[in-house]
Each structure stands twice: as structure tokens, then as C-alpha cells.
């Protein structure tokens with residue numbers, strides 16, 4: 001069986017920088033930090049040490065028909081808006097994207113860490129005082145389920161192909177892209193809207209706070225955190241948003257004269273089987289080597305690595321050791337979490353979108369707040385200022401709790 005080629009033809013994003021891919025690129029180009037103080041908003045939550053976050057923009061939810069929006073939470077609105085952007089990018093504003101595909105040949109795969117944390121919190125606050133199930137609304141369930149974004153986006157857009165939700169914490173979104181890649185190259189779909197979406201709530205930051213993995217030393221200087229690879233890094237800053245890409249069969253895209261951002265040429269995901277919360281260098285190396293092998297690409301052919309690097313002590317050190325072993329100090333490496341925080345299940349696709357824009361423009365944005373590379377993160381070609389450089393092939397990493405790793409390789413289309 002000959003596998004099909006898979007290309008990326010549409011991009012959509014809601015990020016802490018604003019709405020749309022242009023807002024994301026502008027914020028990165030201006031070296032802006034989206035991290036802000038949440039001290040006022042989160043003052044009612046006791047024993048929460050990390051009081052910084054990277055919130056996303058508010059959307060006009062009434063643009064979605066009432067019947068559809070009743071089952072949608074903030075993260076579903078984010079996913080829906082980003083999906084519409086991706087379709088408009090691929091087919092033009094006002095075009096009915098799904099109509100360009102035969103029935104059942106357009107899929108939807110969107111990952112997240114959980115269902116809506118806001119809806120989950122509201123559910124328990126409503127039910128627990130009296131343990132009265134009768135106080136719960138019927139539609140709240142549809143906001144809480146783990147596939148809430150994929151389900152709601154598919155319903156709103158009338159998608160009748162394969163609909164899946166990947167749920168592997170911070171690897172969720174990149175796994176969604178990888179799953180879409182596999183589905184198309186096996187011929188099971190002609191195209192897939194894929195990516196990730198998340199929403200911000202104190203309970204999300206608390207999940208990292210209790211593990212001493214959330215940034216807490218910069219509550220009074222929020223723009224200075226997170227600090228990927230830096231000696232003063234002290235944990236992640238949670239963010240929210242959505243990144244959605246349209247992946248498409250190459251022949252289908254060529255036949256309609258589509259704009260192509262890049263071809264997906266390699267993907268791998270694996271687990272360490274070692275530790276529930278700590279990254280393993282050996283597992284990371286295995287993941288990246290397998291992604292490169294699947295792409296038929298040698299390490300010296302990679303022009304840029306967009307690192308996961310979230311600003312945690314152990315995670316950044318293990319990733320740095322992995323990249324040092326595979327690439328030495330040759331390949332430019334940067335993390336975008338200093339700009340937009342860690343959007344968790346949405347981080348992989350949002351950062352992949354930013355990387356594709358960098359590839360298009362042959363520019364590499366730096367790791368914000370990387371002032372002094374830590375001794376355990378040395379030996380890499382850290383990007384600390386914007387550089388202009390031709391980019392043909394990129395590697396994108398995403399790593400998650402449970403030792404779950406994902407890596408994706410993309411290249412520019414240079415020939416049929």
C-alpha cells in the first residue's frame with residue numbers, strides 16, 4: 001500500500017496574543033509577553049502560590065447559533081473560532097469549508113487536557129453543597145466531557161467524517177495533528193481539522209502548583225516568567241487558547257490549487273514507562289529519533305527545533321540533554337512559552353502554527369526571558385534574538401505528564 005502525502009493548507013489560532021495568526025505573529029515579532037498578574041481574579045483561592053497566567057481574548061459567543069452554543073464552553077468557542085479561521089485560510093472567507101469534501105471525507109481531531117475546567121468547577125459547586133443532582137443543567141454535561149471541543153466543533157460545522165479527541169495533557173494537541181496525519185496518509189480521510197484547545201481556571205494552575213511545577217517567584221513581575229532554559233526558571237505559566245490546522249491529502253490540495261504551508265513528513269509518539277511526572281531523556285531521544293526516521297530525515301537536515309521547554313527545572317534539562325545529543329550546538333532552538341505561556345493541550349498546535357509562519361518568512365523568534373542559560377541547558381544554539389535564516393525542515397516537540405512524548409517533522413514543498 002502506497003501511503004499518501006499530507007500537507008498543511010489552513011491555519012487558525014486564538015492565543016494570549018489575540019485572535020488570529022496575524023496577532024500571534026505580531027506579538028512574537030514584537031517580543032511581547034502575554035503573562036499577567038491574576039492576583040485580583042484569583043484572590044478567593046487559598047494556598048495557590050502561582051498568581052500569574054496568560055489569558056486569551058474574549059470572543060463574541062453570539063456569533064454561534066444559540067442551539068449550538070448552549071453546549072459550548074470557552075474552550076469550545078476557542079476551538080470553533082480557530083477552526084473557522086483555518087477553513088477560511090484554506091478556502092477563502094465566507095466559503096463553506098466542509099462542502100469542498102465528499103460526505104464523510106473531512107474529519108475533526110481536537111485534543112485537550114480535560115473537558116472545560118470552568119464547567120467542571122461550576123458543576124461541583126452547584127451539586128456538592130446539598131448533593132442535589134437535580135440542580136445540574138442537562139447541557140453542562142456536554143461542556144464537561146473530555147471530547148467537548150471536538151464534538152462541538154464537528155457539530156457546528158457539520159463534519160461527518162472521523163471525530164476524535166486526544167487527551168494526553170500537554171501532548172494532546174500535537175498528538176491530534178499526528179493522528180490526522182496518519183489518518184490521511186492511510187487514505188481514511190481526505191482532510192482533517194486538527195489541533196488543541198484549552199481554557200484557563202485557577203484549578204488548572206493549581207494542578208501544577210501542588211507539584212511545585214508552576215512559576216511562583218515572579219508574581220510581582222509577571223512579564224519575566226516563564227523562563228525556558230534559564231537558570232532562574234521556576235515553573236510554567238498556564239495559558240489558554242486554540243490552534244487548529246487543516247491537514248489535507250496532497251493530491252486533493254494540488255487539484256484545487258491550494259496554498260500549502262508545508263508537508264508533514266514524520267511523526268512519532270511514545271511513553272517512557274518510567275515516571276508519572278518526570279521527563280525521561282532516553283524516552284525523548286527515542287521519540288525524536290523515530291520521528292526523524294519516519295521522515296527519512298537526518299538530524300543535520302533539521303533547520304530549526306521548536307522546543308517544548310515550558311520553564312520547569314527537570315523538564316527543560318531533560319529536553320536540553322536530548323537536543324544536545326541529537327543536534328549538538330548546530331541547530332537553532334527556541335521555545336515560545338516565554339511569550340504566550342503554556343497553553344497545555346493547545347500548545348503543540350499553536351506553537352506549530354507559529355513555526356510554520358517562521359518557516360514561511362525564514363525568520364526565527366527567540367526564547368523570551370532566556371537571559372542566562374542554565375548550566376544543565378547549555379550546549380544548544382539558543383536563539384535569544386530574532387534571526388533571519390532559511391528554514392526548509394523543522395522539528396516540533398511536545399511532552400506531557402505520564403512520560404508521554406510527541407514529535408512532528410515538517411518541510412517546505414519544493415517539488416511535486
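The values are calculated or read from the model by the stated rules, or taken from the named source; none is laboratory data. Keep in mind the model is a prediction, meaning the values are calculated, not measured. So basically every Cβ, Gly included, is an ideal-geometry build from the backbone, and we count neighbours across all protein chains shown.
So which residues in region 294-310 are surrounded by fewer than 24 Cβ atoms within 10 Å (Cβ to Cβ) and in contact with a helix residue (DSSP H, G or I) (Cβ under 6 Å, 6 or more places away or on another chain)?
Matches in region 294-310: 299 only.
For region 11-122, which helices (runs of 4 or more DSSP H) that fit wholly inside it have 1 or more residues that are over 20 Å from residue 195 (Cα atoms)? Give the steps one after another, and end with the answer.
On the way: elements: 21-29, 66-69, 74-91.
Helices (runs of 4 or more DSSP H) meeting the threshold: 21-29, 66-69.
Would you point out which residue out of 110, 184, 118 is under 23 Å from residue 236 (Cβ atoms), in contact with a strand residue (DSSP E or B) (Cβ under 9 Å, 6 or more places away or on another chain) and in contact (Cβ under 8 Å) with a residue 60 or more places away in the chain?
Values: 184 fails: under 23 Å from residue 236 (Cβ atoms); 118 fails: in contact with a strand residue (DSSP E or B) (Cβ under 9 Å, 6 or more places away or on another chain).
Exactly one of 110, 184, 118 is under 23 Å from residue 236 (Cβ atoms), in contact with a strand residue (DSSP E or B) (Cβ under 9 Å, 6 or more places away or on another chain) and in contact (Cβ under 8 Å) with a residue 60 or more places away in the chain, namely 110.
Pick from 128, 200, 136, 120: which is surrounded by 24 or more Cβ atoms within 10 Å (Cβ to Cβ) and farther than 30 Å from residue 253 by Cβ? If you could, list the steps in order and put the result at the bottom.
Numbers: 128 fails: surrounded by 24 or more Cβ atoms within 10 Å (Cβ to Cβ); 136 fails: surrounded by 24 or more Cβ atoms within 10 Å (Cβ to Cβ); 120 fails: surrounded by 24 or more Cβ atoms within 10 Å (Cβ to Cβ).
Residue meeting the stated conditions: 200.
Mind listing whichever residues of region 221-246 are out of contact with any strand residue (DSSP E or B) (no Cβ under 6 Å at 6 or more places or on another chain), within 16 Å of residue 49 (Cβ to Cβ) and surrounded by fewer than 24 Cβ atoms within 10 Å (Cβ to Cβ)?
Correct list: 221, 234.
Hey, can you tell me all the residues within region 267-292 that are within 18 Å of the chain's Cα centre (by Cα) and part of a strand (DSSP E or B)?
267, 268, 269, 270
Output yes when any residue across region 278-290 is buried (at least 20 other Cβ atoms within 10 Å of the Cβ) and on the phi > 0 side of the Ramachandran plot, and no when none is.
No; the residues of region 278-290 include none that is buried (at least 20 other Cβ atoms within 10 Å of the Cβ) and on the phi > 0 side of the Ramachandran plot.
Any residue in region 300-311 that is outside the structural domain of residue 231 (by TED's automatic domain parsing), out of contact with any strand residue (DSSP E or B) (no Cβ under 6 Å at 6 or more places or on another chain) and farther than 24 Å from residue 361 by Cα?
no
Picking from 148, 126, 160, which residue would you name as being at pLDDT 95 or above and farther than 28 Å from residue 347 by Cβ?
Going through 148, 126, 160 in turn, the sole match is 160.
Say whether the condition of being more than 21 Å from residue 174 (Cβ to Cβ) and in contact (Cβ under 8 Å) with a residue 40 or more places away in the chain is met by at least one residue in region 394-405. Please lay out each step first, then the result.
Of region 394-405, the ones more than 21 Å from residue 174 (Cβ to Cβ) are none.
Looking for residues that are more than 21 Å from residue 174 (Cβ to Cβ) and in contact (Cβ under 8 Å) with a residue 40 or more places away in the chain, one finds none in region 394-405, hence no.
Could you say which residue among 214, 253 is buried (at least 23 other Cβ atoms within 10 Å of the Cβ), in contact with a helix residue (DSSP H, G or I) (Cβ under 7 Å, 6 or more places away or on another chain) and over 26 Å from residue 286 (Cα atoms)?
Unique residue meeting the criteria: 214.
Scan 341, 315 and give me the residue that is modelled with pLDDT of 95 or more and touching a strand residue (DSSP E or B) at 6+ places or on another chain (Cβ under 6 Å).
Only one candidate passes the filter, namely 341.
Could you tell me which numbered condition residue 8 fails, if it satisfies all but one of (1) surrounded by fewer than 20 Cβ atoms within 10 Å (Cβ to Cβ); (2) in contact (Cβ under 8 Å) with a residue 12 or more places away in the chain; (3) closer than 30 Å to residue 187 by Cβ?
Answer for residue 8: the failing condition is (1).
Kindly indicate whether residue 206 is over 17 Å from the mean Cα position of the chain (by Cα), farther than 29 Å from residue 124 by Cα and in contact (Cβ under 8 Å) with a residue 24 or more places away in the chain.
Spelling it out, it is not the case that residue 206 is over 17 Å from the mean Cα position of the chain (by Cα), farther than 29 Å from residue 124 by Cα and in contact (Cβ under 8 Å) with a residue 24 or more places away in the chain.
I'm told residue 98 meets every condition in (1) buried (at least 20 other Cβ atoms within 10 Å of the Cβ); (2) at pLDDT 95 or above; (3) in contact with a helix residue (DSSP H, G or I) (Cβ under 8 Å, 6 or more places away or on another chain) except one. Can you identify the failing condition by its number?
Failed condition: (2).
Within region 146-165, take every residue that is touching a helix residue (DSSP H, G or I) at 6+ places or on another chain (Cβ under 7 Å) and part of a loop (DSSP other than H, G, I, E, B) and give me the one that is surrounded by the fewest Cβ atoms within 10 Å (Cβ to Cβ).
158
So which residues in region 166-180 are buried (at least 24 other Cβ atoms within 10 Å of the Cβ) and under 20 Å from residue 87 (Cα atoms)?
173, 174, 176, 177, 178, 180
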